[in-house]
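Data block below; observations after.
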Amino acid sequence: MRFSQKLQKLFSLDAGQSLWEHVCRSTHPVSARRILATIDRTELERLRECYPYRPNARKINAYEDAKYWIGVNVKRGQDLWLDRSPPLQILDLGCGAGYFLYLCRLLGHEGLGFDQDEEPFFRGTTEFFKVRRVIGRIEPQMPLPDLGRKFDLVTGHRVCFHRLARTENGEWLEWTPDDWEFFIKDIRTRFLKPKGRLLLEFNRRQDGSSFFTDELRAFFEWQGARIFRWKALLAANPNERPRFNQTARED
């Protein structure tokens, strides 16, 4: 790589925003080590022995690695200022092993997970972390089941429910903007309190590029999203611009 290309990469928007996140976290540190100390890691290893990897499962997602996943979720909590906000009602879509909601509880919040029941190991970990979850699947153009209440914050980390099927060349067929519009409206009208927020965190694409193609970036911005790196933050009111450091709750 030429020097000019390296320089351009170094000072890219993504690198600058990454640095800004790091600076913001340093102003309100949360000890991942102390949180990790609350977890019986031997029990997690025992759970993995009881629930081995499914055939063809990606072992890169080693969810028994509590040190790694607590580190990841501490950063997520800091970025949303969950260590500084009053108690919130939080719904986590695709809650997986339950690390994020476990952290939320330690920070004083009440959480509920929503996920499929296809990974036996997650049954064990969510019980281990005492994470409450509702079993279900997110489908395009289909409303989520009624959960009986609204939330201050709805999150989706490493979102993949928008992936429908792989093409022959290995790329994903994904939701259209119309599908996203239906989903966002459903969350806004049925699951968010008036001052609530929806946080969607996306994986990079297979070629390393951003999830936000020009079309998707334009769509999410039209929906009032604040886009930061691979995340989109939306307010309950599409005419409002939400903040990551929002600390007030709506009763």
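Structure notes:
- Any hit, segment 209-216, residues being touching a Leu at 6+ places or on another chain (Cβ under 9 Å) and β-branched (Val, Ile, Thr): no
- As a summary of the residue check, Tyr53 satisfies the conditions (1) closer than 23 Å to Gly124 by Cα; (2) open to solvent by 40 Å² or more (accessible area, probe 1.4 Å); (3) at pLDDT 90 or above except for the one numbered (3).
- A count restricted to segment 150-169 and to residues that are open to solvent by less than 20 Å² (accessible area, probe 1.4 Å) and without any contact (Cβ under 8 Å) to a residue 40 or more places away in the chain stands at 1.
- Test set (1) farther than 21 Å from Asp83 by Cβ; (2) open to solvent by 40 Å² or more (accessible area, probe 1.4 Å) - Gly224 fails condition number: (2)
- Of everything listed in (1) open to solvent by less than 30 Å² (accessible area, probe 1.4 Å); (2) modelled with pLDDT of 95 or more; (3) out of contact with any Ser or Thr (no Cβ under 9 Å at 6 or more places or on another chain), the single unmet condition for Gln78 is (2).
- Consider segment 189-211 and keep the residues that are of a type outside the set (D, E, K, R), closer than 19 Å to Leu80 by Cβ and not in a loop (DSSP other than H, G, I, E, B). The one that is most open to solvent (accessible area, probe 1.4 Å) is Pro194.
- Any hit, segment 132-149, residues being touching a residue at least 60 places away in the same chain (Cβ under 8 Å), at negative phi and surrounded by 18 or more Cβ atoms within 10 Å (Cβ to Cβ): no
- Any hit, segment 82-101, residues being at positive phi, of a type outside the set (Ser, Thr, Tyr), open to solvent by 30 Å² or more (accessible area, probe 1.4 Å) and in contact (Cβ under 8 Å) with a residue 24 or more places away in the chain: yes
- Helices (runs of 4 or more DSSP H) wholly inside segment 30-136 containing at least 2 residues that are small (Gly, Ala, Ser): 66-79
- Selection status of Pro238, open to solvent by 30 Å² or more (accessible area, probe 1.4 Å), more than 23 Å from Phe114 (Cα to Cα) and touching a residue at least 24 places away in the same chain (Cβ under 8 Å): yes
- Flag for Asp251 being modelled with pLDDT of 95 or more and not hydrophobic (A, V, I, L, M, F, W, C): no
- Lone qualifier among Glu240, Glu168, Glu215 - being part of a helix (DSSP H, G or I) and among the charged types (D, E, K, R): Glu215
- Just one of (1) closer than 28 Å to Pro86 by Cα; (2) in contact with a helix residue (DSSP H, G or I) (Cβ under 9 Å, 6 or more places away or on another chain); (3) assigned to a helix (DSSP H, G or I) fails for Asp186. It is (2).
The values are calculated or read from the model by the stated rules, or taken from the named source; none is laboratory data. None of the values given here were measured: they were computed from a predicted structure. Neighbour counts are summed over all protein chains in view; Cβ atoms, including those assigned to glycine, are modelled from backbone coordinates with ideal geometry. The accessibility values were calculated without ligands, DNA or RNA, using every heavy atom of the protein model including side chains. Shrake-Rupley method; radii C 1.70, N 1.55, O 1.52, S 1.80 Å.
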